[in-house]
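Below: one structure, written as structure tokens.
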Amino acid sequence: MTQTNCGTSAVVLFSGGQDSTTCLFWAKERYAKVYALCFRYGQKHATEIEAAGKIAKMAGIKFHILDASFISSLSSCNALVNSSIVMDESKPEQGPPNTFVPGRNMFFIGMAAVFAFHHDADVIVTGVSQTDFSGYPDCREPFILSMNETLNEAMDRQFRIETPLMYLDKAQTWALADSLGVFDLVRTETVTCYNGVKGSGCGHCPACLLRNRGLKTYLKQRDVKTE
């Protein structure tokens, strides 16, 4: 088990999905105090917030919800907040898919930093990854590095944004969850699906396809190791 950084607190951006749940337990192993921070931003499905609350309780971590509904009021032209828009099921040839919510991660991390400032936390953990890149520009490392520098300048505080999944593909993310002892929890209790279906999801949205393909790959790799 990784040595805990005693005296250090971390805020985890927590949606109740596969990635953020893995990050929550990753942070729990490393930091003396962890806050689970969930956002209500106008997303179509409340199931992910319900799942997040349940998982945080199972982890013994205090759960906080912040209202970020202004995000959907600023930009409703995406399939995650507007049910009238038919979701892209593959990445367009040009530009991000219509599941991209402009500014979402920027606002989330900024709000998490303010929360961290007032709760004397120095670390912000987010589950973004540029390895399984879905076309979201705010999941790439250059954005995270830039945002980290901006927050430090804006608040005169040395925050550290940690992205444990940045260079992991979905199979490796499943492997990390397994090593943390939460493989079954992530598999059955999380909501990654863009249609709000818990566990393995609807099976056809981009999030489900990525998650289930990674799971299949990891299970094959694990079976080979145990033979």
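The values are calculated or read from the model by the stated rules, or taken from the named source; none is laboratory data. As the structure is a computational prediction, the values presented were derived from the model and not from experiment. With ideal geometry, Cβ positions are generated from the backbone for all residues, glycine too; neighbour counts draw on all protein chains shown. What goes into the accessible areas is simple: the full protein's heavy atoms, side chains included, and nothing from ligands, DNA or RNA. Shrake-Rupley method; radii C 1.70, N 1.55, O 1.52, S 1.80 Å.
Structure values in brief
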item	result
Checklist (1) open to solvent by 50 Å² or more (accessible area, probe 1.4 Å); (2) within 21 Å of Trp174 (Cα to Cα); (3) modelled with pLDDT under 95 applied to Glu48, failing item	(1)
Qualifying residues in the range 146-172 (those that are among the hydrophobic types (A, V, I, L, M, F, W, C), part of a helix (DSSP H, G or I) and under 17 Å from the mean Cα position of the chain (by Cα)) - the one farthest from Leu219 (Cα to Cα)	Met147
Unique residue being at pLDDT 95 or above, in contact with a helix residue (DSSP H, G or I) (Cβ under 9 Å, 6 or more places away or on another chain), surrounded by 15 or more Cβ atoms within 10 Å (Cβ to Cβ) and not in a helix (DSSP H, G or I) when the list is Gly127, Gly110	Gly127
Val224 being crowded, with 16+ Cβ neighbours inside 10 Å and either at pLDDT 90 or above or of a type in the set (Val, Ile, Thr) (or both)	no
So Gly42, is it of a type outside the set (S, T, N, Q), open to solvent by less than 40 Å² (accessible area, probe 1.4 Å), at pLDDT below 95 and assigned to a loop (DSSP other than H, G, I, E, B)	yes
Residue that is of a type in the set (D, E, K, R), without any contact (Cβ under 8 Å) to a residue 60 or more places away in the chain, surrounded by fewer than 17 Cβ atoms within 10 Å (Cβ to Cβ) and not in a strand (DSSP E or B), where the choices are Lys28, Lys57	Lys57
For Leu168: the one exception among (1) in contact with a Ser or Thr (Cβ under 7 Å, 6 or more places away or on another chain); (2) open to solvent by 60 Å² or more (accessible area, probe 1.4 Å)	(2)
Identity of the residue in the range 194-206, of a type outside the set (D, E, K, R) and touching a residue at least 40 places away in the same chain (Cβ under 8 Å), that ends up farthest from Cys23 (Cα to Cα)	His204
Selected residue (only one of Asp156, Asp223 is acidic (Asp, Glu) and under 24 Å from Val11 (Cα atoms))	Asp156
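Residues are listed down the side, and each one gets a yes or a no for (1) among the hydrophobic types (A, V, I, L, M, F, W, C); (2) in contact with a strand residue (DSSP E or B) (Cβ under 7 Å, 6 or more places away or on another chain); (3) open to solvent by less than 40 Å² (accessible area, probe 1.4 Å):
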residue	(1), (2), (3)
Arg140	no, no, no
Phe143	yes, no, no
Thr173	no, no, yes
Leu176	yes, no, yes
Arg187	no, no, no
Leu209	yes, no, no
Gly214	no, no, yes
